[in-house]
1. Considering each residue of segment 117-150, count those that are assigned to a helix (DSSP H, G or I) and farther than 21 Å from residue 81 by Cβ, and give that number.
2. Which count do you get for residues in segment 279-295 that are surrounded by fewer than 18 Cβ atoms within 10 Å (Cβ to Cβ) and touching a residue at least 12 places away in the same chain (Cβ under 8 Å)?
3. Just the residues that are within 18 Å of residue 337 (Cβ to Cβ) and either assigned to a helix (DSSP H, G or I) or free of Cβ contacts under 8 Å to residues at least 12 places away in the same chain (or both), please, taken from segment 155-195.
4. Given (1) over 18 Å from residue 75 (Cβ atoms); (2) in contact with a helix residue (DSSP H, G or I) (Cβ under 9 Å, 6 or more places away or on another chain), where does residue 107 come up short, assuming only one miss?
5. Looking at residue 267 and the list (1) over 30 Å from residue 166 (Cα atoms); (2) touching a strand residue (DSSP E or B) at 6+ places or on another chain (Cβ under 9 Å); (3) crowded, with 17+ Cβ neighbours inside 10 Å, which single condition is not satisfied?
6. Search segment 296-307 for residues being in contact with a helix residue (DSSP H, G or I) (Cβ under 9 Å, 6 or more places away or on another chain) and not in a loop (DSSP other than H, G, I, E, B), and hand back the single one that is surrounded by the fewest Cβ atoms within 10 Å (Cβ to Cβ).
7. I need the full set of residues from segment 224-255 which are at pLDDT 95 or above, within 19 Å of residue 295 (Cα to Cα) and part of a loop (DSSP other than H, G, I, E, B), in order please.
8. Kindly provide the set of residues from segment 104-116 that are in contact (Cβ under 8 Å) with a residue 12 or more places away in the chain and either assigned to a loop (DSSP other than H, G, I, E, B) or over 14 Å from residue 85 (Cβ atoms) (or both), ordered by number.
């Protein structure tokens, strides 16, 4: 770094970009981290993620400590106060260091006249910290979720709702996917043990390993050689349920960033895989992942609602449709979702999913398999979506994942488990009148 910076000011501006301008942390952080020293990159992520996990509580504390809110050009200092509070409550950073760096952030934000205000508010919090935290926890009836989302989770899951929301607020476990072309899971667990890395096998998904303590991928044996990939356990269920085979044509739709594409090729290296995504920038990530694992797929930028523009009349034996969704099952990995998503978005997403699913079905050969998946826990996007599809497509039948009264398989986030995910595996009838072909189920 040639130019000095104040990490707390950088964090405050990043949080402001999310909350004031609707920007995603996954887009903001990589660019910001390139401007920081190596030692500060992880701390920036910890502060941003932590603030957005605990946002309602931090807002409540500020309301107790200030007579009126900061507005206009001073608004960024509101987020700087959150940075200070989060450090004092949730990190091991020495309080004097957290306080000094946060107060100095006003200079980097070009509002040095507010140094005294930031110092005064944070010191007042320190004096009242025990009492304020006890009161704050009693205020949080929605468990750090926006009320619209908390209400939807309660309506759907009843007594399970609190556990789901509490899981959403935890730091996520780090899951690995062992490349079975290089090692068995048991052999890779032994390699991890030799490196002093404690890990546990997933009880259902045969390639999944959970690290007891997350670590840098540089410590993972053979990461650069493609022996292992970082991928949530529930996400690994997609390729495993689709069950690809060699010599099949397989479509991975909405494929970016490519974790499922590479898993398909690990399971069936002789398959002819086509990976399609509408986002040109994210498609680049698919290519990067394929390159690291020395795999090949036909990678296309295309819209799932308009397959006639990119499919060139081809049909596929198996299709994985990881549909765009509310991402309410991966909040612990992307806490900004709670504040970027709106209640009205759900109906729009349901319509988009339906359009892609209906447009994709004719691309499946008779006798072929389509797996519909989302990282959502909302029934409107999942079981209800598939129920409507089955009712309107008599040539579709559900297999392995639920039944007519409860179509699909819903996984919920748990502290030591995978993310929230939904799967519905459907077979197209051999006698489908859209085209003719052979059974590949």
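The values are calculated or read from the model by the stated rules, or taken from the named source; none is laboratory data. Because the structure is a prediction, the values reported are computed rather than measured. Reconstructed Cβ throughout: ideal geometry from the backbone, glycine too, with neighbour counts over all protein chains shown.
1. Number satisfying all stated conditions: 5.
2. Summing the residues that are surrounded by fewer than 18 Cβ atoms within 10 Å (Cβ to Cβ) and touching a residue at least 12 places away in the same chain (Cβ under 8 Å) in segment 279-295 gives 8.
3. Matches in segment 155-195: 156, 157, 161, 164, 165, 166, 167, 168.
4. (1)
5. (2)
6. 301
7. Across segment 224-255, the qualifying residues are 227, 231, 243, 244, 245, 246, 247, 248, 254, 255.
8. Listed by number, the residues that qualify are 104, 106, 107, 108, 109, 111, 114, 115.
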